[in-house]
Amino acid sequence: MEPYVPEELPLKDLDYGRLLGLVGQANAELARYDGLLQGIVNPAVLLSPLTTQEAVLSSKIEGTQATVDEVLEHEAGIKQEGEKYKDIQEIINYRTAMMKARDHVAEYPITLSLIREIHKILLDSVRGQDKNPGEFRKEQNWIGTYGTPIEQARFVPPSHFVLSDHLNLFEEYMGSDDADHLLQTAVVHAQFELIHPFKDGNGRIGRILIPLFLYRKKKLSAPMFYLSSYFERNRELYYDKLRRISREKDWNGWIEFFLEAVSTQALENSQKVKTIMNLYEEMKESITSLTHSQYAVQVLDAIFDKPLFRTSDFVQRTSIHKATAMGLLRRLKDAEILREFLPASGRRAAVLFFPELLNIIEGKTLFSA
């Protein structure tokens, strides 16, 4: 199989008549979702668990098996071992990479240098050290069953000899304005996947680029819109639509799939964000009434940011005096807003969790409130 030669961007001969309705619907749903984001004082705190969920689901597409609650347990000091530990480390790296990139694109454009930096963070783990973190590949790679020779590959990306040329054109395209920014986002994600510039981690980097690009193009007021839930539910179709670009130049089919993903996920995200916001307002009233404390909002933000935590970490994050903080947590436990995951033992702090929020994030009842 010959290496794929990426098409010149912007794409020519797209069927805009076929795509126009989907473009309008996707833009409308995304705008409604962004309207909710604009109403949140600090979306990075309030929606922090959604970022963790995205890291879990994007990594799951690549084969990891850890869950949101397992990641939170690990961060609360309940250590995992073996393959589960490696999965969790990859997810934590993914979330760290997203957060660093989010801070960068608030002021600067998306560049190849930023992409390399994100990749370096992503592969900073026990599984990534031999994958040249932060470096574009210097050899030919291909996609196929493990051990498959290149002749039997499902897909062969561009040759490493011309990789830099394609990447420079890709960077130039990201800095330009196509006919529609949402349509352009679909092209950016797919073109990155097809160029496949790293030895490993291309899928996850490509999915990180989606909210970053929408944010840079001012389609989002915060880079917090994630598609991995939709992609993971439709994993085979997701990969098939990408493959059809290389095999049949079916960009219209891919863009249709992407726009449907945006419409569906924006609607789901809007419902989830509304539920989280309603819970936040309900808890603000409850915690203020319950504690009569000047620290009520600090406590509230802390348990939304990390809904499963060690009490010692809570004290450190909130900077509330230990005796006061422990008294506040005790009141929240007595009111069953928080529950005990692990009791204190010797020098080990207790681990508490916020069941209502965790259930919203997971979309199902994992913890009885």
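Here is a yes/no grid of residues against (1) among the acidic types (D, E); (2) more than 30 Å from A350 (Cα to Cα); (3) within 15 Å of the chain's Cα centre (by Cα):
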| site | (1), (2), (3) |
| --- | --- |
| E8 | yes, yes, no |
| L47 | no, no, yes |
| S59 | no, no, yes |
| E83 | yes, no, no |
| Y94 | no, no, yes |
| R102 | no, yes, yes |
Is it the case that some residue within region 52-65 is surrounded by 18 or more Cβ atoms within 10 Å (Cβ to Cβ), among the hydroxyl-bearing types (S, T, Y) and either over 19 Å from D124 (Cβ atoms) or out of contact with any Asp or Glu (no Cβ under 6 Å at 6 or more places or on another chain) (or both)? yes
Give the residue that is nearest to K199 (Cα to Cα), with candidates limited to residues of region 74-117 that are among the polar types (S, T, N, Q) and surrounded by fewer than 16 Cβ atoms within 10 Å (Cβ to Cβ). S113
Going by what's in this entry, would S289 be described as in a helix (DSSP H, G or I) and without any contact (Cβ under 8 Å) to a residue 24 or more places away in the chain? yes
Would you be able to tell me the number of residues in region 154-183 that are crowded, with 16+ Cβ neighbours inside 10 Å and within 18 Å of R244 (Cα to Cα)? 5
Every pair of residues 6+ apart whose Cβ atoms lie under 6 Å, when the first sits in region 224-237 and is assigned by TED's automatic domain parsing to the domain that holds M99 and within 18 Å of A97 (Cβ to Cβ) while the second is outside any loop (DSSP other than H, G, I, E, B) and charged (D, E, K, R): Y226/E54; S228/E54; S228/R207
Here are K120, K218: which of them is within 22 Å of the chain's Cα centre (by Cα), assigned to a helix (DSSP H, G or I) and surrounded by fewer than 19 Cβ atoms within 10 Å (Cβ to Cβ)? K120
Just to be sure I understand the filter: pairs with C-beta atoms under 7 Å, separated by 6 or more residues or on different chains, first member in region 20-38 and closer than 10 Å to L220 by Cβ, second member surrounded by fewer than 19 Cβ atoms within 10 Å (Cβ to Cβ) and among the polar types (S, T, N, Q). Which pairs pass? Y33/S270; D34/S221; L37/S221; Q38/S221
Please identify the pairs in which a residue from region 260-278 that is within 19 Å of L237 (Cβ to Cβ) and in the same structural domain as G24 (by TED's automatic domain parsing) has its Cβ atom under 8 Å from the Cβ atom of a residue that is at pLDDT below 95 and surrounded by fewer than 15 Cβ atoms within 10 Å (Cβ to Cβ), counting only partners at least 6 apart or on another chain. none
From the list E90, E139, which one is within 24 Å of F155 (Cβ to Cβ), modelled with pLDDT of 90 or more, touching a helix residue (DSSP H, G or I) at 6+ places or on another chain (Cβ under 9 Å) and not hydroxyl-bearing (S, T, Y)? E90
Can we say S164 is under 30 Å from V45 (Cβ atoms), assigned to a helix (DSSP H, G or I), touching a residue at least 12 places away in the same chain (Cβ under 8 Å) and in the same structural domain as E248 (by TED's automatic domain parsing)? no
Return the residues of region 247-275 that are modelled with pLDDT of 95 or more and among the hydrophobic types (A, V, I, L, M, F, W, C); say none if nothing qualifies. W251, W254, I255, F257, F258, L259, A261, V262, A266, L267
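The values are calculated or read from the model by the stated rules, or taken from the named source; none is laboratory data. Predicted model, so just to flag it, every value in this text is computed and none were measured. Cβ coordinates were reconstructed from backbone atoms using ideal geometry, including for glycine residues, and neighbour counts include every protein chain displayed.
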